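Enquirer: Quick one: the structure is below, questions incoming.
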Amino acid sequence: RIVLVTSAILLGAGALGIFLVEVIGHHGPIPQAALDSVFMSTTARTAGFTSVPMEELEAGSRFILMVLMMIGGSPGSTAGGMRTVVFALLVLAVVSTIRNRPEVEAFGRALPDELVKRAATVAAGLLGVIAGAVLLLDITESMPFEPLFFEVISASTTTGLSLGATAELSDAGR
């Protein structure tokens, strides 16, 4: 149930966020923007296909795609990222802390602390790899920060989306 609910929320929230950013940015007809938003919200967590060149998207849409790429797919899939279950456990842990509850709960059941710790470890590991790689690329490369950040997230989560910066990297950057 956690996988299904989290996947549905991420699909809907991602699509809505991208749609709003692109419509406010006046990109194309609304029906096409709606279809592109749903497609991009799905593909950012799975296959990395694109219906719109990444360079043509608003910065806010690219940010949403980066967040979705970091979350990634669900367990059992070939998608990368921290996984939807890890993300859901972290969100549930935050909610539990805000509500001042001693245990993390999902659908009326307490989740073992060990699961929450493992989820936090996976997320921290991914964020550490991304932070380290972005810092190293920022030192070795003379290009804007956003394309570097986007490419590192895409590569570290095996998503496949690109702003085209990888081809422009130096030998040290590659």
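Enquirer: Quote the accessible area belonging to S142 in square angstrom, nearest 10, computed with a 1.4 Å probe and with ligands, DNA and RNA left uncounted.
Expert: Solvent-accessible area, nearest 10 Å²: 120 Å².
Enquirer: Ignoring solvent entirely, what values of log10 I(q)/I(0) come out of the Debye formula for region 8-87 at 0.10, 0.15, 0.16, 0.27 Å⁻¹ when each Cα is a single scatterer?
Expert: Relative scattering, expressed as log10 I(q)/I(0), comes to -0.21, -0.46, -0.52, -1.31.
Enquirer: Moving on to the next point. List, largest first, the extents of the alpha carbons of the chain along their principal axes, each in whole Å.
Expert: 48, 43, 29
Enquirer: On alpha-carbon atoms, Rg over Rh for region 105-150 using Kirkwood Rh?
Expert: Reported Rg/Rh (Cα atoms, Kirkwood Rh): 1.30.
Enquirer: Tell me the mean residue ellipticity at 222 nm calculated for the chain from its helices only (DSSP H runs of n ≥ 4, each -39500 (n - 2.57), averaged over every residue, nearest 500).
Expert: -20500 deg cm²/dmol
Enquirer: Next up: Under unit Cβ charges (Lys, Arg +1; Asp, Glu -1), what dipole magnitude, rounded to 20 debye, does the chain have relative to its Cα centre?
Expert: Dipole size: approximately 860 debye.
Enquirer: Using 1/(1 + (r/R0)^6) with R0 = 25 angstrom and r between the beta carbons of I9 and A110, what's the FRET efficiency to the nearest 0.05?
Expert: Between I9 and A110 the formula returns 0.70.
Enquirer: Using a 7 Å offset from the Cα along the Cα-to-Cβ direction at both T78 and L20, what is the distance between the two label points in nm, to one decimal?
Expert: Output for this residue pair reads 3.5 nm.
Enquirer: OK, next. Just how large is the dipole of region 1-98 about the Cα centre, in debye to the nearest 20, putting +1 at every Lys and Arg Cβ and -1 at every Asp and Glu Cβ?
Expert: 460 debye
Enquirer: Note the angle between two axes, namely the Cα long axis of helix 84-98 and the longest principal axis of the Cα atoms of the chain, as a number of degrees from 0 to 90, rounded to the nearest 10.
Expert: Tilt relative to the chain: about 60 degrees.
Enquirer: Between T121 and A167, 0.36 nm times their residue separation minus their Cα-Cα distance comes to what?
Expert: 13.4 nm
Enquirer: What angle do you read, to the nearest 10 degrees and between 0 and 90, between the alpha-carbon axis of helix 30-43 and the longest principal axis of the chain?
Expert: Approximately 60 degrees, to the nearest ten.
Enquirer: Using +1 at the Cβ of each Lys and Arg and -1 at the Cβ of each Asp and Glu in the chain, identify which of A124, V94, I18 lies farthest towards the dipole's positive end.
Expert: Result: V94, furthest along the dipole toward the positive end.
Enquirer: Say R0 is 45 Å: what FRET efficiency, to the nearest 0.05, do L35 and T140 get from their beta-carbon distance?
Expert: 0.70
The values are calculated or read from the model by the stated rules, or taken from the named source; none is laboratory data. Because the structure is predicted, anything quoted here is derived from the model rather than measured. Because the Cβ atoms are built from the backbone with ideal geometry, glycine has one as well, and the counts that use them run over all protein chains shown. Heavy atoms of the whole protein, side chains included, go into the accessibility calculation; ligands, DNA and RNA do not. Shrake-Rupley method; radii C 1.70, N 1.55, O 1.52, S 1.80 Å.
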